[in-house]
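K.L.:
First the structure, which I've put down as structure tokens, then a few questions once you've had a look.
The values are calculated or read from the model by the stated rules, or taken from the named source; none is laboratory data. Every value quoted in this text rests on a predicted model; they were computed, and no experiment measured them. Neighbour counts run over all protein chains shown; Cβ positions are idealised from the backbone, glycine included. What goes into the accessible areas is simple: the full protein's heavy atoms, side chains included, and nothing from ligands, DNA or RNA. Shrake-Rupley method; radii C 1.70, N 1.55, O 1.52, S 1.80 Å.
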Amino acid sequence: MSGFDAAWLTLREPFDAQARDASLAERFTTTLSNTKRRIVDLAAGTGAAFRALAPLLRGDQDWLLVDHDPELVAAQQDAIRHWAARNGWACEALGDGVCIRAANATWIVRACALDLAHDLEALDLEACDGVTASALLDLVSAGWIDRLCAVLAANRLPLLAMLSVDGRRVWNPSAPADADIDRAFVRHQSRDKGFGPALGARAAAVLSERLEQRGYEVTTARSDWRIGADHPAMLLRMADEAAAVTAETEPGMGARFAEWQTARRRQIDARALALEVGHLDVVGVPRSR
């Protein structure tokens, strides 16, 4: 699987946090236990979804953060400790995880190194109340989505899947090469990321269809990134990434894409560029709940 490094996850975390749809998180919350809420987060990285959702879900919680990358798994505790300290919460070591005491709630967070591409079914979800995932499902194949939905349905578990790309990118101001860049970028997103041919922009629609087929009530909401001119580091990362992957996809247009990149870099330096990146959140709840 193509992984995300910790620096990129740190850069994108505030944009993810602002973009997530709070109403879907609330819908997910209503399906969970009223005592200790036990949640499994897939492809958890350094724990950004936990940090975003724990204060919204309220009450005592027990999180299992699952990721295939041992470096990210190793980075989880430090990232969570620093976050807890910034919020004035006590945080102590607890075996393979940490225990946070936040106001009137206790949050236990444990790490799990697992190759989700091959070993998804090895997860023990019987004692789990719900599953979350962020920026994962656009990387996987339709076949992997089928496997995920089968595991969820077998355990009658709700799913909150956040921040799946929908293929929409709006650069402001626009440029003549934007359409070529976007088409090549979408093609690149469909390449195999370790789970089979990636769904890319189709991920939310395929997930919704598969969950409905298994008797789930599904709700979607927009969770777009809005990257203003006052965030040059993020804009630079997005522009450079777009130029690199599209030149790889369409090598014959490399010179055109390089010119586009140079112009965008000038606009970033002048604080004259903004970008909106389309994402969708999906919540699926078994209808019998």
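K.L.:
Pairs, please: C-beta under 7 Å, at least 6 apart or cross-chain, first residue surrounded by 22 or more Cβ atoms within 10 Å (Cβ to Cβ) and in region 157-176, second hydroxyl-bearing (Ser, Thr, Tyr) and part of a strand (DSSP E or B)?
P.N.:
Leu160/Thr132; Met162/Ser134; Leu163/Ser134
K.L.:
A follow-up question, please. Of (1) of a type in the set (Gly, Ala, Ser); (2) under 21 Å from Leu280 (Cα atoms); (3) surrounded by fewer than 22 Cβ atoms within 10 Å (Cβ to Cβ), Ser33 satisfies all except one. Which?
P.N.:
Condition (2) is where Ser33 drops out.
K.L.:
Are there any pairs, at least 6 apart or on different chains, whose C-beta atoms fall under 6 Å, with the first in region 110-123 and among the charged types (D, E, K, R) and the second open to solvent by 60 Å² or more (accessible area, probe 1.4 Å), and if so, which?
P.N.:
Arg110/Asp96; Asp115/His68
K.L.:
What are the pairs with Cβ atoms under 9 angstrom where one residue, in region 10-35, is touching a residue at least 24 places away in the same chain (Cβ under 8 Å) and the other, located anywhere, is among the β-branched types (Val, Ile, Thr) and surrounded by fewer than 18 Cβ atoms within 10 Å (Cβ to Cβ)? Sequence gap at least six, or different chains.
P.N.:
Ser23/Thr219; Leu24/Thr219; Arg27/Thr219
K.L.:
Within region 114-135, take every residue that is open to solvent by 20 Å² or more (accessible area, probe 1.4 Å) and among the aliphatic types (A, V, I, L, M) and give me the one that is farthest from the chain's Cα centre (by Cα).
P.N.:
Ala127
K.L.:
Could you check, for region 185-207, whether at least one of its residues is over 30 Å from Ala153 (Cβ atoms) and at pLDDT 95 or above?
P.N.:
There is no residue in region 185-207 that is over 30 Å from Ala153 (Cβ atoms) and at pLDDT 95 or above.
K.L.:
Using the structure shown, decide if Ala84 is among the aliphatic types (A, V, I, L, M) and in contact with a helix residue (DSSP H, G or I) (Cβ under 6 Å, 6 or more places away or on another chain).
P.N.:
So Ala84 does not fit the description; no.
K.L.:
So, one more: If you check Glu71 against the conditions, is it surrounded by fewer than 21 Cβ atoms within 10 Å (Cβ to Cβ), modelled with pLDDT under 95 and in contact with a Cys (Cβ under 9 Å, 6 or more places away or on another chain)? Break it down into steps so the answer makes sense when it comes.
P.N.:
Values: surrounded by fewer than 21 Cβ atoms within 10 Å (Cβ to Cβ): yes; modelled with pLDDT under 95: yes; in contact with a Cys (Cβ under 9 Å, 6 or more places away or on another chain): no.
No, not satisfied.
K.L.:
OK, next. Among (1) in contact with a Ser or Thr (Cβ under 7 Å, 6 or more places away or on another chain); (2) open to solvent by less than 10 Å² (accessible area, probe 1.4 Å); (3) not hydroxyl-bearing (Ser, Thr, Tyr), where does Asp21 come up short?
P.N.:
The number of the failed condition is (2).
K.L.:
Of the residues that make up region 220-232, is at least one out of contact with any Lys or Arg (no Cβ under 6 Å at 6 or more places or on another chain) and of a type in the set (S, T, N, Q)?
P.N.:
Of the residues in region 220-232, the ones out of contact with any Lys or Arg (no Cβ under 6 Å at 6 or more places or on another chain) are 220-222, 224-228, 230-232.
Keeping just the survivors that are of a type in the set (S, T, N, Q) gives 220.
Checked region 220-232: at least one residue is out of contact with any Lys or Arg (no Cβ under 6 Å at 6 or more places or on another chain) and of a type in the set (S, T, N, Q).
K.L.:
Tally time: how many residues in region 92-110 are polar (S, T, N, Q) and open to solvent by 60 Å² or more (accessible area, probe 1.4 Å)?
P.N.:
Residues of region 92-110 that are polar (S, T, N, Q), as a first pass: 104, 106.
Imposing the further condition that a residue be open to solvent by 60 Å² or more (accessible area, probe 1.4 Å) reduces the set to 104.
Total meeting the criteria: 1.
K.L.:
Separate question: What tally of residues in region 179-201 results from selecting those that are open to solvent by less than 60 Å² (accessible area, probe 1.4 Å), assigned to a helix (DSSP H, G or I) and either touching a residue at least 24 places away in the same chain (Cβ under 8 Å) or on the phi > 0 side of the Ramachandran plot (or both)?
P.N.:
Residues flagged as open to solvent by less than 60 Å² (accessible area, probe 1.4 Å), assigned to a helix (DSSP H, G or I) and either touching a residue at least 24 places away in the same chain (Cβ under 8 Å) or on the phi > 0 side of the Ramachandran plot (or both) within region 179-201 amount to 8.
K.L.:
Sticking with this one: Let me spell it out: the conditions are (1) at pLDDT below 95; (2) of a type outside the set (D, E, K, R); (3) within 23 Å of Ala48 (Cα to Cα), and Met162 meets all of them except one. Which number is the exception?
P.N.:
Of the numbered conditions (1) at pLDDT below 95; (2) of a type outside the set (D, E, K, R); (3) within 23 Å of Ala48 (Cα to Cα), the odd one out for Met162 is (1).
K.L.:
Out of curiosity, is Val131 of a type in the set (Val, Ile, Thr) and under 22 Å from Gln61 (Cβ atoms)? Give the derivation first.
P.N.:
Values: of a type in the set (Val, Ile, Thr): yes; under 22 Å from Gln61 (Cβ atoms): yes.
Spelling it out, Val131 is indeed of a type in the set (Val, Ile, Thr) and under 22 Å from Gln61 (Cβ atoms).
K.L.:
Only one residue in Trp63, Trp89 is open to solvent by less than 70 Å² (accessible area, probe 1.4 Å), aromatic (Phe, Trp, Tyr) and over 19 Å from the mean Cα position of the chain (by Cα). Which one?
P.N.:
Working: Trp63 fails: over 19 Å from the mean Cα position of the chain (by Cα).
It is Trp89.
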